[in-house]
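Quick notes on the structure that follows.
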Amino acid sequence: MPITVEEKFDSGGIVRGQQGSATRLYIIAGTDDDIAAADALVVFRPATVDGLPAQTAEVEWLAPNYWLGKVRYGYTNQNQGGADALYSFDTGGGSQHITQSFSTINRYAPAGKTAPNFEGAIGVDDNSVNGCDIIVPTYSFSETYIMDASRITDAYKSTLFNLTGKVNSAPWRHYQQGEVLFQGASGSKRGKGDWELAFKFSASPNKTNVTIGSITGISKKGWEYLWVRYADADDTGAKALIKKPLAVYIEQVYEYGNFAGLGV
């Protein structure tokens, strides 16, 4: 007989605030073994409720082959933030190579001549668009938590490993999907005490309605990569062969991950 888990009709209950918590109730059927019932409950229950991570899962015998399951969600004193958490951020600029400007402010040519219009392409010569390096704002932040040793299991470490180098697959905190890159976590522990875990992130805003040359309506998520394909064209006013944006491509270069697994 297979083991089944169903949420009770009267399940639920959420407490919001600094000491936020939630509870979910389930009926587990198909086994008389409490360990098997608990394992089935852990597999079935959601990892988070209202942004709160699962803390405990317990089962209580009801009748032969039936159990009451209860899952509690929330943060322990060691991982809810506040005095036991350290936050830092950095908006220092990073270098980026670009081939397209926001706009061409002006064009100059000798008397009697017309400067070709490259539609924002930068550093154009006979063969290519060379572009230039600019300083762009980069928002990086880190969060350090003291966590109970019982939370830092091999499964949790594996989750952190698998989420490293991924961007948020759903809205996370006040960020939209695709705006946050998880750069990894580092942890340290002394003896049998609590763990100190540091989480590193970088954020890049999503963009919409971008215009490149005569191409409009471009949208890209924060950590997607945009590149421009240029083609030769005739500038009849300048009587010159020029390079103009032919097409714009948006590439997904990072995989998505569910940041609920971070538990912070």
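The values are calculated or read from the model by the stated rules, or taken from the named source; none is laboratory data. Note that the structure is predicted; figures quoted are calculated from it, not measured. Reconstructed Cβ throughout: ideal geometry from the backbone, glycine too, with neighbour counts over all protein chains shown.
Pairs linking a residue in the range 7-18 that is within 16 Å of L41 (Cα to Cα) to a residue that is charged (D, E, K, R) and modelled with pLDDT of 85 or more, with Cβ atoms under 8 Å and 6 or more positions apart or on different chains, are E7/R24; S11/R24; G12/R24. For the range 129-176, the tally of residues that are touching a residue at least 60 places away in the same chain (Cβ under 8 Å) and not in a strand (DSSP E or B) stands at 11.
Restricting attention to the range 1-21, the residues being of a type in the set (G, A, S) and either modelled with pLDDT of 95 or more or in contact with a Phe, Trp or Tyr (Cβ under 9 Å, 6 or more places away or on another chain) (or both) number 3. Across the range 25-70, the number of residues qualifying as under 24 Å from V15 (Cα atoms), of a type in the set (A, V, I, L, M), touching a helix residue (DSSP H, G or I) at 6+ places or on another chain (Cβ under 9 Å) and part of a strand (DSSP E or B) comes to 3. Against the list (1) within 20 Å of the chain's Cα centre (by Cα); (2) outside the structural domain of S88 (by TED's automatic domain parsing); (3) surrounded by fewer than 16 Cβ atoms within 10 Å (Cβ to Cβ); (4) touching a residue at least 40 places away in the same chain (Cβ under 8 Å), the condition K221 fails is (3). Residues considered: G187, G191. Of these, the only one that is in a strand (DSSP E or B), under 29 Å from P53 (Cα atoms) and small (G, A, S) is G187. Among the candidates R107, R72, R45, R24, single out the residue that is at pLDDT 85 or above and closer than 25 Å to I218 by Cβ. Exactly one residue qualifies, and that residue is R107.
A83 fulfils the conditions (1) at pLDDT 85 or above; (2) surrounded by fewer than 16 Cβ atoms within 10 Å (Cβ to Cβ); (3) part of a helix (DSSP H, G or I) except for a single criterion, (1).
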